[in-house]
1. Over the chain, what is the percentage of antiparallel beta bridges among all DSSP beta bridges, to the nearest 5?
2. How large is the charge dipole for region 199-294, taken about the Cα centre, if only the Cβ atoms of Lys, Arg (+1) and Asp, Glu (-1) carry charge, to the nearest 20 debye?
3. Please name whichever of Ser126, Ala379, Gly200 sits farthest to the positive end of the charge dipole of the chain, dipole taken about the Cα centre and charges placed at Cβ: Lys and Arg +1, Asp and Glu -1.
4. Once you wrap a convex hull around the alpha carbon atoms of region 260-302, what is its projected area averaged over all directions, in nm²?
5. For region 252-324, what class follows from the C-alpha gyration tensor (a ≥ b ≥ c being the square roots of its eigenvalues): rounded when a/c is under 1.5, otherwise prolate if a/b is larger than b/c, else oblate?
6. Among DSSP bridges having both ends in region 118-207, what percentage is antiparallel? Round to the nearest 5.
7. Efficiency by 1/(1 + (r/R0)^6): what FRET value for Asp138 and Ile292, r their Cβ-Cβ distance, R0 = 22 Å, to the nearest 0.05?
8. Taking a cut-off of 21 Å, what percent of all Cα-Cα pairs in region 65-190 are separated by more than that?
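All of the numbers you see were taken from the coordinates with simple rules; none came from a lab. Owing to the predicted nature of the structure, the values given are computational and were not obtained by experimental measurement. All Cβ positions, glycine included, derive from the backbone under ideal geometry; neighbour counts span all protein chains shown.
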Amino acid sequence: MTAAQDTPAPGIRDGLDLRIQSYIERGAAPAEPDDSEFGQLALDLFAYQYDHNPAYRRFCRSRRAEPGRLTSWEQIPPVPLAAFKELTLACEPPEKAAAIFMTSGSTNPGQRGRNHHPHLHLYDASLRAGFAQYFLPDRERIPLLVLNARPQEQPHSSLAYFFGRLVDFFGAPGSAYFMDKNDLQWRSVAAALQEAEATGEPVALLGTSFAYVHLLDAFEKEGLSFRLPKGSRLLDTGGFKGRSREVSAEDLRDQFRRRLGIPDPWCVNYYGMTEISTQYYDTTLRDSLQRIHNQPRHKVAPAWTRIRVVDPESGASAAPGQKGLIVHYDLANRGSCLAVLAEDIGYLTPPGIPQQDDTQGFVLLGRAEGTEARGCSIALDEILAANRD
């Protein structure tokens, strides 16, 4: 925080929050191409963040991107992901934050990214709408078996908070956590799965990709496998980062099918980050229920977000099908910056690839390397230089 950073006037903040929350609560179905409300909300939120987030304002001024000059949400300058490690990017005094979510620091434990949330109303609205749309479109609640710590054990983890709120909002009796002091309680998971087999009640597993690898390894060692009831499903996220052996997404889903009896479309991967406030889901489960088959397996941006894929050197929008860096525009990320340049590469699903609906999807390819990584470094140098001047 700087001495110049004041608490915004409640009327301005609350009015904007209510407009965004109302927009999110209409549902996560992708917006129509001619939806203009997103653009207006994005420009209004940009103006708010410009006024109240000093580090971001300096960056925007260096690019001559100021409220009144911009005419579309695509012109809002995205903050490079690494800047959340170097700068305080907050619209309200950090000491008044309701939550500060921090990155794991797996690359450098001494330097963790921080995202400040003055409240979590928009974060909650976002997670509820997205989860209901893409993971639980056919029912209101289900027993959630969580392969992660409870939120109170990891108060700065956005992942722990996310899973915890899902249990609050969507968990049926039988929901439980199966991580004890970073030790996966795989025997208890096995007991819960055996009970589901016996009762015929579908369950949902939630966890990180590396937690599943540990679970599957334990089951294989013990010769355990399950045929979970129809309607059971699985959510996974994240990479491995040296925390377990690495397994491709395809191999992991094949093991879920063979070891747990969950069919491929009902294994849903989601993409999220500490520095934003929205999760992006595979559409496969929803597509399966609607008997459509979108290819390739992809994710979609819910209505209150937009995804751009940009050329790492020029920053220009890439054509559908062209690989580039992913830029997030997330209205739920009200407390810091709505536009974030990720260190991930992907592409927008191009027209012509067989799809049975009209939604624009994107395919996540992995972490940026080489030229793409240099694009992120250049953007980081730019925002740090703006804050040194």
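1. About 60 percent, rounded to the nearest 5.
2. Around 220 debye, computed over region 199-294.
3. The listed residue farthest towards the positive side: Gly200.
4. 3.8
5. Verdict is prolate for region 252-324.
6. Taking every DSSP beta bridge with both residues in region 118-207, the antiparallel ones total about 20 percent.
7. 0.90
8. Roughly 56 percent, once rounded to a whole number.
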